[in-house]
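Undergrad: Handing you a structure now.
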Amino acid sequence: VQAIPNQGNSDLNTVKMVNVPKTRKTFCKGKKCRKHREHKVTQYKAGKASKYAQGARRYRHKQKGFGGQTKPVFHKKAKTTKKVTLRLECKTCKRRMQLPIKRTKHFELGAKKQ
């Protein structure tokens, strides 16, 4: 992963473009492997939130009836980027692990180098 930091705001560690190969050789912690193996790389995406999670049930119950919005709604968004999380899957034992990388506006998986 090669990153070129922006010149402007040094405290916000933004990056112009991050290009990650679709396979990466890294250490696998699986009981079968426990050595460096080839891993398939994908971008992590959060799943759909459950309607029956405790927080969702509590929030729904609190919102019922009169009284308007009961919990604070966040408006002061400061960040312009999100941290990218890679999902690595071992090609031999299928063990998966997550690897967070730096903040970036543009992220590509296995794109051709120009």
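Undergrad: Using a 7 Å offset from the Cα along the Cα-to-Cβ direction at both A111 and Y52, what is the distance between the two label points in nm, to one decimal?
TA: Placing both labels 7 Å beyond Cα along the Cβ direction yields 4.2 nm.
Undergrad: Between K29 and R87, what's the calculated FRET efficiency when r is the beta-carbon distance and R0 is 22 Å? Round to 0.05.
TA: Values: r = 15 Å, r/R0 = 0.67.
It comes to 0.90.
Undergrad: Rounded to the nearest whole Å², what accessible area per residue is found for the chain with the 1.4 Å probe?
TA: Numbers: 9910 Å² over 114 residues.
Computed with neighbouring chains in place, this is 87 Å² per residue.
Undergrad: Another question, if that's okay. Calculate what fraction, in whole %, of the accessible area of the chain sits on carbon and sulfur atoms when a 1.4 Å probe is rolled over the protein chains. Working shown, then result.
TA: Values: 5150 of 9910 Å².
Looking at the chain in its full context, I get 52 percent from C and S.
Undergrad: Over the chain, how many percent of alpha carbon pairs lie in each 10 Å bin up to the one with the longest distance?
TA: 11, 27, 26, 21, 12, 3
The values are calculated or read from the model by the stated rules, or taken from the named source; none is laboratory data. Everything numeric here is computed off the predicted structure, so don't read it as measured data. Cβ atoms come from the backbone with ideal geometry, glycine included; neighbour counts cover every protein chain shown. Each accessible area value is taken on the protein alone, full model and side chains, heavy atoms only, with ligands, DNA and RNA left out. Shrake-Rupley method; radii C 1.70, N 1.55, O 1.52, S 1.80 Å.
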